[in-house]
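Please find one structure pasted underneath; my questions will follow.
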Amino acid sequence: MQKKSWLSLPLLGAALLALSSGPNVKAQAAVANGVLTLDQSTTLYQGYGNAPTATDRTLAAGTQWQIAATETLGKTTWYQVGPNQWVTEDPQFNPTSTFAPIHLTQAATIYGSPGDASTKTQRDLPAESDWAVGAQQTVNGDTWYEVGANMWITQAASFNPAVYQDITLAQPTMLYTGYDASRQSTGRTLAMGSTWVVTKTAQVNGATWYQIGDNQWVTMTDSLNPAPDHFDNAVMTITVNSQQGASVYNSYQAGRTQVKELPFGSQWQVTRQAVADDGSLWYQVGGDQWVSANGGITTGAIYPETASLTGVPLIAQLPELPNGCEITAVTMMLRYAGADVDKVALAHEMPRSSDPNQGYVGDPWDASGVTIFPPALMGLVQKYAGNAIDMTGMSFDAIRYQIGIRKHPVVAWQTLHGFPYHAVVVTGYTATDVTYLDCWSNSAATVSIADFVSNWQTQNFRAISY
């Protein structure tokens, strides 16, 4: 007796289901030259008739099957596609559920069959994309979704590309079309401090490359970027909590070991900056000696070209505190830091003295009020923010550091509105301008950095942050 052979013919073409695909309808089947073409997912049965036994297998839409036999019972036609394996176009014997579209939270590899690693294709669907689902199966506890003929995906990590940590750029970084010798510069430079989602990495001649988009690659290698991460005149001033100082580690990457502490207020030459795999920024202050960028203010390094803080509350000093701009500005800063504080309560709490470096001169709610300087506010800021930094005498780089790296607003002293002393809250900057909140005018203002620094200088560059 001649042995029959059972096979699934190669697909003539396969297209992904678009989100506009309608709900599942009656199973359709087209027969030509002894070949059955399924127009939607179809249940496979053992046997045929009015009560056949359904298997746990569904044949995908678009697949083609050689017909061994045909049986018609009433209005139902059955097709034999394997040994005791039958399908029909009758809707009562086929899936009628409408599957919800799937939203991919990470890239997903396409497989030819659900749960079968050997059917892995070379195609990945991108993260944050949405796909219509034609069928759904559970294999070994993993849910699989049919998004096209013989195209199955799952969100199980073991079947999908590795998930990489985002990368934060430690310097202006050139964008390339690839990572190998054929790569070309796009002419586009990504801003220092910007963060990007990494979809793939590659190693070439000791350099690590990161894919951040289709044909978009970056590397931290000095020679391939417009600005180096090494400095000649950068200085780091340790400004973390005075009791803790700043920890020094033997590396900036994971697995680093603490080697010593740097005291509060001390200054250290910075020769290099680097970004760890977890996105944190570090400064080198000696051979194999690294300090977190959060440990102190660094001047003379590279900072993001632009930065802006949203959510800093604008609080008017009037009518309660006609001479209380300093404590009102500090209240705005502390509110942003998460402290539940009130300008009037803080005005009562701040110290008093005839020396503004020791306390407020007069009272801020009447004509006797004069001013208060950063040293006298350190205790109050430390109490409510957990840290206090007297930035007096530092350059505008210190403001760039606080806002661009640490994301902390800065209270700076200016000469404004006819007052000999006035305090504003700096919330952002660009390459040319600086933005601040003014509690006297109860509004935001933007001025050139040159004008701001010139005015700031009249106040001996007084400033405070945390």
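So how do 290, 440 line up by other beta-carbon neighbours within 10 Å, fewest first?
440, 290
For 125, 318, which order do you get if you count the other beta carbons within 10 Å of each Cβ and list the fewest first?
In order of increasing Cβ crowding within 10 Å: 318, 125.
Run the count for the chain, please: Lys pairs, Cα-Cα under 29 angstrom, 8 or more apart or on different chains.
9
Quickly estimate the mean residue ellipticity at 222 nm for the chain, helices only: each DSSP H run with n ≥ 4 gives -39500 (n - 2.57), and the total goes over all residues, rounded to 500.
Rounded to the nearest 500, the figure is -2500 deg cm²/dmol.
Shifting gears a bit: For every other residue with a beta carbon closer than 13 angstrom to the beta carbon of residue 110, add +1 if it is Lys or Arg and -1 if Asp or Glu, then tell me the sum.
-1
Same structure again: With a ≥ b ≥ c taken as the square roots of the eigenvalues of the C-alpha gyration tensor of the stretch 407-466, please select rounded if a/c is under 1.5 and otherwise prolate if a/b is larger than b/c or oblate if it is not?
Note, shape of the stretch 407-466 comes out rounded.
Using a ≥ b ≥ c from the Cα gyration tensor of the chain (square roots of the eigenvalues), is it rounded, prolate or oblate, where a/c under 1.5 gives rounded and otherwise the larger of a/b and b/c decides, a/b for prolate?
Prolate is the answer for the chain, as a/c is 1.5 or above and a/b outweighs b/c.
What list do you get for 219, 168 if you sort them by fewest beta carbons within 10 Å?
Arranged by neighbour count, lowest to highest, 219, 168 become 168, 219.
Can you compute the label reach from residue 54? Point 7 Å from Cα along the Cβ direction, backbone N cut-off under 15 Å, restricted to the stretch 67-110.
The answer is 86-99, whose backbone nitrogens lie closer than 15 Å to the label point.
Using modelled backbone amide H atoms (1.01 Å from N, in-plane), which distant-in-sequence or interchain residues come within less than 5 Å of residue 305's amide H?
Counting only residues 5 or more places away or on other chains, the set is 192.
Taking K and R as +1 and D and E as -1, what net charge do the other residues with C-beta under 15 Å from the C-beta of residue 288 add up to?
Result for the neighbourhood of residue 288: +3.
Could you give each residue of the stretch 183-193 its phi-based ³J(HN,Hα) in whole Hz, using Karplus coefficients 6.51, -1.76, 1.60 with θ = phi - 60°, and x for Gly or Pro?
4, 9, 6, 7, x, 9, 10, 8, 6, 4, x
Same structure again: Assuming a ≥ b ≥ c are the square roots of the Cα gyration tensor eigenvalues, decide whether the stretch 167-224 counts as rounded (a/c under 1.5), prolate (otherwise, with a/b larger than b/c) or oblate.
rounded
Amide H neighbours of residue 259 under 5 Å, at least 5 residues apart or on other chains, H built in the peptide plane: list them.
248, 249, 250
In nm, give the distance between the simple-model label positions of residue 195 and residue 250, each being 7 Å from the Cα along the Cα-to-Cβ direction.
3.0
For the chain, what is the charge dipole size about the Cα centre, in debye to the nearest 20, if Lys and Arg each add +1 at the Cβ and Asp and Glu each add -1 at the Cβ?
960
Let me ask something additional. Size of the dipole of the stretch 325-465 about the Cα centre, Lys and Arg at +1 and Asp and Glu at -1 on the beta carbon, nothing else charged, in debye to 20?
Value, rounded to 20: 340 debye.
Bear in mind that the values in this text are calculations on the coordinates, not laboratory data. Every value quoted in this text rests on a predicted model; they were computed, and no experiment measured them. No Cβ is skipped: glycine too gets one built from the backbone with ideal geometry, and neighbour counts run over all protein chains shown.
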